[in-house]
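All remarks here apply to the structure that follows.
What follows draws every value from the coordinates through simple rules; no lab data is involved. Every value quoted in this text rests on a predicted model; they were computed, and no experiment measured them. All Cβ positions, glycine included, derive from the backbone under ideal geometry; neighbour counts span all protein chains shown.
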Amino acid sequence: MKQRSLLRITPLLAVALLASCGGGDRTKNAESEASQKTKVRVEEVQLVPVDQISTFTATVEADQVNNIAPAMGGRIREIKVDVGAPVRHGQVLVTMDNANLSQQQIQFATLKRDYERYKELYEVGGISKQQLDQAKTQLDVLEYALNNLDENTTLTSPVNGVVTARNYDPGDMAGQLPILTIESINPVKVKINVSESYYKQVVNGMPVEVQVDALGGDVFKGSVSLIHPTIDAASHTFTVEVKVPNPDQRLRPGMFARVKMNFGTNERPLLSDKSVLKQTGSNDRYVFVEKGGKAIYTLVQLGVRINDKYEIVSGLTEGDKVIVEGNTGLIDGSEVEVVE
């Protein structure tokens, strides 16, 4: 009898032991799965006002460039300024040989005296009206030629500016090159190429900021002065000219500049730069969004950077929970655990 009782008890103990062992494995598995989840911190997407500032590179240019040269060739008698000299409007810069001018002046004086005599003769009936008109025409033609020759003998500056080039010395014959180049540098201008998507937003008088590296990053205030009416078909940009006051002439043609334009304000997500990752082998940027305990790979388009945050132009909506810590090594669909 005792042997039968032992036989009955033994299988029951075995079943109990197996059940006990099985329960322990399930507990361990659950704990293992929990420990495999990556702990992350998330940031809920909120829309905030972001200034739409775009930066363009440009080169500072003179407002006006004037090449000083006679309309007709001739010998240079005197050059009164050199490179770097400031000049004012109407200032005499160059004098040319005046031999032709002297001859023309003598001829003009003679013809003018003749015309005065013809007038007297006409008044007493000595000559016809036609003869008097012919004399007046000859006088007018010679006077025009004399004025033109005078302008090409004494060369003056048409603007206030600075001499930036000199190609001859006194005694040289003026050739194809200008004798002097004068550049007006107050104001100066910069030309930038702006995306056609901003065409309706750019208006004359729009304020801009110009930053120049050569002057330690100093910022100068300017404004849009000219908007070119056509779009470049290849680059889909249009040219905008900006005038910048330069009373102290610190800005010089040829300097590298950065031009900042503010195109208004948009409501956009603003995320920590730690949450934005770069796709290997491309310029794509992405983030991981936490949904239902999983990390979801999400491509985003970046806008401007403000301190340690990026403006997100597209890819996210308000309320999305973006992983900002613990995103290294994640793949699409990775199980995550959100911690505070």
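Annotations for the structure displayed:
- The protection proxy used here, the mean number of other Cβ atoms lying within 10 Å of each residue, ranks peptides 84-92, 54-62, 298-306 as follows, highest first: 54-62, 298-306, 84-92.
- Counting neighbouring beta carbons within 10 Å and listing from fewest to most, the residues ILE76, ILE312 come out as ILE76, ILE312.
- Sorting the segments 209-221, 187-199 by their mean number of nearby beta carbons within 10 angstrom, highest to lowest, gives 187-199, 209-221.
- Across every direction, the projection of the convex hull enclosing the Cα atoms of the stretch 184-340 has a mean area of 13.1 nm².
- Share of pairwise Cα separations in the stretch 269-340, more than 20 Å, in percent: 24 percent
- Peptide packing: for 323-335, 165-177, the average count of neighbouring Cβ atoms within 10 Å per residue gives the ranking 323-335, 165-177, highest mean first.
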